[in-house]
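Bear in mind these aren't lab numbers, they're just calculated from the coordinates by the rules spelled out. Please read all numbers here as calculations on a predicted model, not as lab measurements.
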Amino acid sequence: MNETKKLSDARRWHSERRIREALAAIKKNNMAGIYVRSREAALKEISLRIPKGSSVAHGGSRTLQELGVDVFLNQGGFEYLLANASWDKGTRESRLRDFSCDIFLTSVNAITLRGELLAMDGFGNRAACLLFGPKKVLVIAGQNKIVATLEDGIKRIKDFVAPVHAKRRGWSVPCTKAGRCVDCKTPMRICNKLAVLQYERESDRITVILVGEDLGI
């Protein structure tokens, strides 16, 4: 076995150990958790968990875009509440409608090794639907979202996710200049509302699909 292959296998081993540790904690927090190795397998798992005829919605998510979730849902068979819509330009009325859907798809900004899910939002609709409303929630996240602690998750959001997201959008906000959150008070501020899900009271409401690839931001 050459050194490149050894290093690749060692990285996979390390990543999968963290994923399985996070999944064990997620299950203790009364949520279902599964591991898949690829984005193709993740999309297949999503398709298996959305019965035909279900009403389905999702928040803005680079992870879901990379998986092709909108293409899959637009193929028909579902009441897709965001059919042919922009990922990020929903109205207040459409976002409120998401609360009553059968299945809500989302990613999160971080998952801790204690099984905590962190979602930071500009408007708060995605974070709110994670916590309450939709009958079932599918959370899909890449291995890059796993962090050790809640504090590490918040730091990841403030120092990486928010400025990178704002920069790719071309938004002129302070974090795109500083490279980290500076707790700005501008109208275009992106890190406004933080949801932390530590335990889910409703059994079988939330399923977390962790993917053995880097996805999203």
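Rg and Dmax of the stretch 19-144, using alpha carbons, in Å: what are they?
Spelled out, the Cα radius of gyration and Dmax of the stretch 19-144 are 13.9, 39 Å.
Apply the Karplus parameterisation 6.51 cos²θ - 1.76 cosθ + 1.60, with θ equal to phi minus 60°, to every residue of the stretch 57-62 and state each ³J(HN,Hα) to the nearest whole Hz, in sequence, with x for glycine and proline.
9, 7, x, x, 7, 5
Checking the cross-link filter: which lysines have an alpha carbon closer than 27 Å to that of K193, excluding same-chain neighbours under 8 positions apart?
K27, K28, K89, K135, K136, K145, K155, K158, K167, K177, K185
In whole Å, how far is the Cα centre of the stretch 7-79 from that of the stretch 143-217?
Taking the Cα centre of the stretch 143-217 as reference, the centre of the stretch 7-79 is 18 Å away.
Show the residues, 5+ positions off or on another chain, whose built amide H is closer than 5 Å to the amide H of K193.
D121
When the convex hull of the C-alpha atoms of the chain is computed, what volume per residue in Å³ does it have? Walk me through the numbers before you get to the answer.
Working: hull volume 28.2 nm³, N = 217.
Dividing the Cα hull volume of the chain by its residue count gives 130 Å³.
For a quick check: with amide H placed at 1.01 Å from N, whose amide H comes under 5 Å from V208's, ignoring anything fewer than 5 positions away on the same chain?
When sequence neighbours closer than 5 places are left aside, the close amide H contacts are A32, G33, I34, V139.
Tell me the Rg and the Dmax, in Å, that the Cα atoms of the stretch 91-217 produce.
Over the stretch 91-217's Cα set, Rg and Dmax evaluate to 14.7, 43 Å.
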